[in-house]
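Accompanying notes for the structure given below.
The values are calculated or read from the model by the stated rules, or taken from the named source; none is laboratory data. Keep in mind that what you see is a predicted model, and the values were worked out from it rather than measured. In this analysis, Cβ positions are derived from the backbone assuming ideal geometry, glycine residues included, and neighbour counts consider all displayed protein chains.
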Amino acid sequence: MSTSMRLKRFGTKKRPDYRIVVMDSRAKAQGRTLDEVGQYHPLAEKDQQVILKVEKIQDWLAKGAQPSDTVRALLNKNGVTVTRTVQE
């Protein structure tokens, strides 16, 4: 099973909140998740926008989970280094 890290939208209309989740890459965008590894609140203050569970993230990356482009950017901004790997 190939897994991916992506954002899952929560919140109300015009007040988005996102969870950074690990999912089966074939699952629907709002489908069942395997694990929740962080949160992203784009409307909060800069120091409170991203909450990460770094140990879980590094564990999933070691297992082969591929972050989406947006999640990769959030992780890199917050000091979690993610190398881009090419899937064949």
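Output the residues belonging to region 7-40 that are basic (K, R) and either out of contact with any strand residue (DSSP E or B) (no Cβ under 6 Å at 6 or more places or on another chain) or free of Cβ contacts under 8 Å to residues at least 24 places away in the same chain (or both).
Initial filter on region 7-40 (basic (K, R)): 8-9, 13-15, 19, 26, 28, 32.
Within region 7-40, R9, K13, K14, R15, R19, R26, K28, R32 qualify.
So is E36 loosely packed, with under 15 Cβ neighbours inside 10 Å, of a type outside the set (G, A, S) and in contact with a helix residue (DSSP H, G or I) (Cβ under 9 Å, 6 or more places away or on another chain) or not? Before you say what the answer is, go through the steps one by one.
Working: loosely packed, with under 15 Cβ neighbours inside 10 Å: yes; of a type outside the set (G, A, S): yes; in contact with a helix residue (DSSP H, G or I) (Cβ under 9 Å, 6 or more places away or on another chain): yes.
Taking the combined requirement at face value, the residue satisfies it.
Go over the candidates M23, M5 one by one and state the one that is in contact with a helix residue (DSSP H, G or I) (Cβ under 7 Å, 6 or more places away or on another chain), assigned to a strand (DSSP E or B) and of a type outside the set (F, W, Y). Break it down into steps so the answer makes sense when it comes.
Numbers: M23 fails: in contact with a helix residue (DSSP H, G or I) (Cβ under 7 Å, 6 or more places away or on another chain).
The match here is M5.
Which of the residues belonging to region 36-76 are of a type in the set (D, E, K, R) and outside any helix (DSSP H, G or I)? Before the answer, list the steps.
Start the filter on region 36-76 by keeping residues that are of a type in the set (D, E, K, R), which leaves 36, 45-47, 53, 55-56, 59, 63, 69, 72.
Listed by number, the residues that qualify are E36, E45, K53.
Anything in region 52-88 that is at pLDDT 90 or above, within 15 Å of T3 (Cβ to Cβ) and of a type in the set (V, I, T)? List them, or say none.
Within region 52-88, I57, V71 qualify.
Would you check which residues across region 12-48 are touching a Ser or Thr at 6+ places or on another chain (Cβ under 7 Å) and more than 15 Å from V71 (Cα to Cα) and list them?
Keep residues of region 12-48 that are touching a Ser or Thr at 6+ places or on another chain (Cβ under 7 Å), which gives 21-25, 34.
Across region 12-48, the qualifying residues are D24, L34.
Every residue in region 1-51 that is of a type in the set (D, E, K, R) and at pLDDT 90 or above, please.
Residues of region 1-51 of a type in the set (D, E, K, R): 6, 8-9, 13-15, 17, 19, 24, 26, 28, 32, 35-36, 45-47.
Within region 1-51, R6, K8, R9, K13, K14, R15, D17, R19, D24, D35, E36, E45 meet the criteria.
Residue check: is L43 buried (at least 17 other Cβ atoms within 10 Å of the Cβ) and over 14 Å from K8 (Cα atoms)?
no
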